[in-house]
1. Quick query: amide H of Leu190 versus all other amide H atoms, modeled in the peptide plane; which residues come in under 5 Å with a sequence gap of 5 or more or a different chain?
2. What part of the accessible area of the stretch 114-169, given as a whole %, is carbon or sulfur when the probe is 1.4 angstrom?
3. First measure r as the distance between the Cβ atoms of Asn47 and Thr129, then evaluate 1/(1 + (r/R0)^6) with R0 = 22 Å and state the FRET efficiency to the nearest 0.05.
4. Highest first, please rank the peptides 102-108, 145-151, 174-180 by the mean number of other Cβ atoms sitting within 10 Å of their residues.
5. Tell me which label goes with the value of percent of Cα pairs over 30 Å apart computed from the coordinates here: (1) 27; (2) 22; (3) 16.
6. Over the chain, with a Gaussian network built from C-alpha contacts below 10 Å, which listed residue (Asp122, Asp152, Asp23) shows the highest mean-square fluctuation?
7. For each pair in Lys148/Lys171; Lys10/Lys103; Lys148/Lys169; Lys128/Lys171; Lys15/Lys132, compute the distance between the two Cα atoms and list the pairs where it is over 22 Å.
8. Rounded to the nearest 5, what is the percent of antiparallel bridges among the DSSP beta bridges in the chain?
Amino acid sequence: MALKKFEPLKPYLNKDLLECGVDEAGRGCLAGSVFAAAVILPKNFDNSLLNDSKQLTDKQRRELRPIIEQNALAYSVCEVTNIEIDKINILQASILAMNRAVKKLKIKPEFLLIDGNRFHTDTTIPFKTIIKGDSKFMSIAAASILAKTYRDDAMIKLAQQYPTYNWQKNKGYPTKEHRLAIKEFGTTPLHRLSFNLLEERSLFDYDNISNT
């Protein structure tokens, strides 16, 4: 079977503007915060390994993270907690996390490249939403890697407080093991109570992912 080929990532959309890629991680989880990252890369940044975080192994993401942080003109990572998610819903929480990340940047960008198709902001910075943008633009791919690795680190740390749920492995995603633990031991203060925590999902195999 032929290997799947990926189109090379584009370095920018607007050559003459200071662009910032923005992405989130953890929307589909049952527990923990949703994280978002904002990254401004130099126009000439290049790395052959850089790709959508979902297409990379954990080792590759860990290798890329310091490269991104050291080479970025500016970057930031922010979170929105499960408590906030339950109050405003996961879509709005994801958008809030992305806005927090943008506002935390030490350099104000002139244009935002947003992964996905939904975004709004109270800043004056123009933006463009791009479906699967993390597989199209370097800055969004870089943001996806930071958001993913920072969130994974947070869940691994939290797993020490709640070892029953095996978050160090499933990162809070709705695996069968995670759902069975909720059914047997109940919820923690970190679970998203607005989610259907016990529903079995047959259309997607969460036991084999930890990337979105």
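The values are calculated or read from the model by the stated rules, or taken from the named source; none is laboratory data. Every value quoted in this text rests on a predicted model; they were computed, and no experiment measured them. Every residue, glycine as well, gets a Cβ built from its backbone with ideal geometry; the counts of neighbours run over all protein chains shown. Heads up: the accessible areas ignore ligands, DNA and RNA and are worked out on the full protein's heavy atoms, side chains in. Shrake-Rupley method; radii C 1.70, N 1.55, O 1.52, S 1.80 Å.
1. Amide H neighbours of Leu190, under 5 Å, 5+ apart: none.
2. Looking at the stretch 114-169 in its full context, I get 52 percent from C and S.
3. Once rounded, the FRET efficiency stands at 0.35.
4. Top of the packing list down: 145-151, 174-180, 102-108.
5. (2)
6. Answer for the Gaussian network model of the chain: Asp122.
7. Lys10/Lys103; Lys128/Lys171
8. Of those bridges, close to 60 percent are antiparallel.
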